[in-house]
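Input: a single structure, listed below in structure tokens.
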Amino acid sequence: MEPDVFHDFFGHVPMLFDPVFADYMEAYGRGGLKAEGLGGLQWLARLYWYTVEFGLIRTPAGLRTYGAGILSSPGEIDHAVRSPRPRRVAFDLRRIMRSRYRIDAYQETYFVIESFQQLFDATRPTSPRSTASSRPSRTSTRTPPSPRTAWSRWVPDGGPPCRLSCYRRACSASSSPPLLAAPAPAPAKAAPMAVQVETAARADAGAQAWAKELRAALEARKDEFRAAKPGEATELVVRIDSVTKSAPEASVMNGALVMGKATKPFSLSYAGPSAAQAEKLARNLRRLADQMKAAAN
């Protein structure tokens, strides 16, 4: 998975399932349209950075992270929550607007909110400043304000409450399927491959034993392999040529994979019983065969 996809999928998407935080995100986006015309995007960028990307929240269970930039970095999670090095400051909108940030190192300062409701209320344009007295407690049960009320000065036309409507609209307008859509049906499994295990004309007892163990391991994997029938064109031949000692307790099995006109020699070094190594080879044999087939095509 690409790093940015991991960051978005495991950092940003889960947060959108909190209704108040989802309202905050939609209102932030609407306000950004007006801020762009006023030349104020740099201030909004700092707000986004210190909340959506690198925000901390105080909970009854202790300090927790909610910023996606922290959530997608195991090292920064420990740095932000447990390390004594960074400053952890109570949420202050004016101070956030004055605080620059770095994108190439762990943050030196984190801003801590008491609840997402506090974040929504403190950043509404109708509030002249963010003060402790205006912050609702975590036990507040009052109905969260809708974007129409809280952001009306930034959005002249107002807007209906979000409750993930922004996410749903984005999905419906996109040509790609929604993230939460029903999964596509799984591709049909490939038919079992006709395989034959053989030994060289003058194979020693070790090679004969290896071939026997490998046949048994392949027989147990009926969804991937089947023994080739007499006179049938074999898709894959596994040839066991020799087994030699490379050390007092180590051996080397030499063989080859044959598919049509293509031959791929291989050597397998191992210690211990050959049955375990035959099972390991059987587990990887279909992948190796598919690679040979792809290379031939």
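The numbers here are math on the coordinates, done by the rules we state, and not lab data. Just so you know, these numbers come straight off a predicted model, no measurement behind them. Counting neighbours? That spans all protein chains shown, and the Cβs are built from the backbone with ideal geometry, glycine included.
Quick notes on this one:
- Calculated FRET value between ASN284 and THR59, using beta carbons and R₀ = 45 Å, to 0.05: 0.45
- Between ALA200 and ALA105, the C-beta separation translates, for a Förster distance of 45 Å, into a calculated FRET efficiency of about 0.15.
- Separation of the ASP8 and ILE77 label points, Cα + 7 Å toward Cβ, nm: 2.2
- Too-long pairs where the Cα-Cα distance tops 21 Å, listed order kept, from LYS264/LYS293; LYS212/LYS261; LYS212/LYS293; LYS212/LYS280; LYS229/LYS264; LYS222/LYS261: LYS212/LYS261; LYS212/LYS293; LYS229/LYS264; LYS222/LYS261
- Segment ARG98..ALA190, full-extension length gain: 27.1 nm, with 0.36 nm per residue of separation and the alpha-carbon distance subtracted.
- Residues whose amide H comes within less than 5 Å of that of PHE111, counting only those at least five positions distant or on another chain, are LEU56, VAL89 (H built at 1.01 Å from N in the peptide plane).
- Calculated FRET value between LYS229 and PHE266, using beta carbons and R₀ = 35 Å, to 0.05: 0.85
- Neighbour-count ranking [beta-carbon atoms within 10 angstrom, fewest first] of VAL89, VAL52, VAL195: VAL89, VAL52, VAL195
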